[in-house]
Structures are given as structure tokens and as C-alpha cells.
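The values are calculated or read from the model by the stated rules, or taken from the named source; none is laboratory data. Predicted, not measured: the structure shown is a model, and the values here were computed from it. For neighbour counting, all protein chains shown are included, and Cβ atoms are generated from backbone atoms with ideal geometry for every residue, glycine included. Side chains are part of the model used for accessible areas, which takes the heavy atoms of the whole protein and leaves out ligands, DNA and RNA. Shrake-Rupley method; radii C 1.70, N 1.55, O 1.52, S 1.80 Å.
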Amino acid sequence: MTAREEERALVAQVEGHLLLAATRQEGRRAAARLVARVDWLTDTQRADVERHFEAEYTELARRSWQHTAHRAEQLRHEYEARYRSLRQRLLGYFLPACALLTAAVLLTLSARAPL
């Protein structure tokens, strides 16, 4: 692995940790808002609900990220296939057009050349 690839991998890993930390914090805030409305819970129950809510929130976010990454991979493959097809079609038109143009130029030049 080159130094550039290692650097990119490290940046991706740090970004992942930061994203996960932010998501957990969002989950904690959402859990706190939920248990604040349920005033009959004991402190232990409140902490338990907050912990479970945060875990579910984080899991939901993780599944959403996985779905997004999977869909992005699908789209990348679709676009690459489309690009290859378009490139082949363009090449299929371009090469014969160049051959015709070359033939026309050669015919024109040979017609003008003195015998």
C-alpha cells in the first residue's frame, strides 16, 4: 500500500469514528428527550431506556449507512457499464468516420496529383 493510500485509509477511519461518535451523541439526546416525557420511570429504568434507545438509534443509522453504501456500489457498477457501452459505441462510430475521412482526403489528393 502506498503512502497516499495509507493516508486515505486513515482519513476514512477517522471520519468513520467521528461519524459514529456524532450518531451516538444524537442517539443520547433523542433518548433523553424521550425519557423526559415519561416521568414515571425510575432513574434505573430511565438509564436502561436511554441505553437501549441509543443502541437502537445507532443500529438504525448503521443499517442506513450500509444501505446507502450498497446502493452507491450498485449505481457505480451501472454507471461504469453504461460508460463502457457509450465509449464502445463512440469508438465504433469514430474509427469508421476517421477511415472514411482519410480515404476521402487521399482520394482528393490523388485526384489533384499530376500524373
Pair list, Cβ under 6 Å, 6 or more apart: segment 1-29 residue at negative phi, other residue of a type in the set (S, T, N, Q): Thr23/Thr58; Arg24/Thr58; Gly27/Thr58
Going by the conditions given, is Arg24 surrounded by 10 or more Cβ atoms within 10 Å (Cβ to Cβ), in contact with a helix residue (DSSP H, G or I) (Cβ under 7 Å, 6 or more places away or on another chain) and either of a type outside the set (Gly, Ala, Ser) or at pLDDT 90 or above (or both)? yes
Segment 27-47, subset in a helix (DSSP H, G or I) and charged (D, E, K, R), residue surrounded by the most Cβ atoms within 10 Å (Cβ to Cβ): Arg46
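Residues Leu75, Leu86: which one is assigned to a helix (DSSP H, G or I), out of contact with any strand residue (DSSP E or B) (no Cβ under 6 Å at 6 or more places or on another chain) and open to solvent by 70 Å² or more (accessible area, probe 1.4 Å)?
Leu86
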Scope segment 89-115; condition modelled with pLDDT under 90, among the small types (Gly, Ala, Ser) and part of a helix (DSSP H, G or I); matching residues: Ser110, Ala111
How many residues, within segment 7-21, are within 20 Å of Arg63 (Cβ to Cβ) and either open to solvent by 70 Å² or more (accessible area, probe 1.4 Å) or of a type in the set (A, V, I, L, M) (or both)? 7
First in segment 57-68 and under 14 Å from Gly16 (Cα atoms), second anywhere and part of a helix (DSSP H, G or I) and open to solvent by 80 Å² or more (accessible area, probe 1.4 Å), Cβ under 6 Å, 6 or more apart: Thr58/Arg24
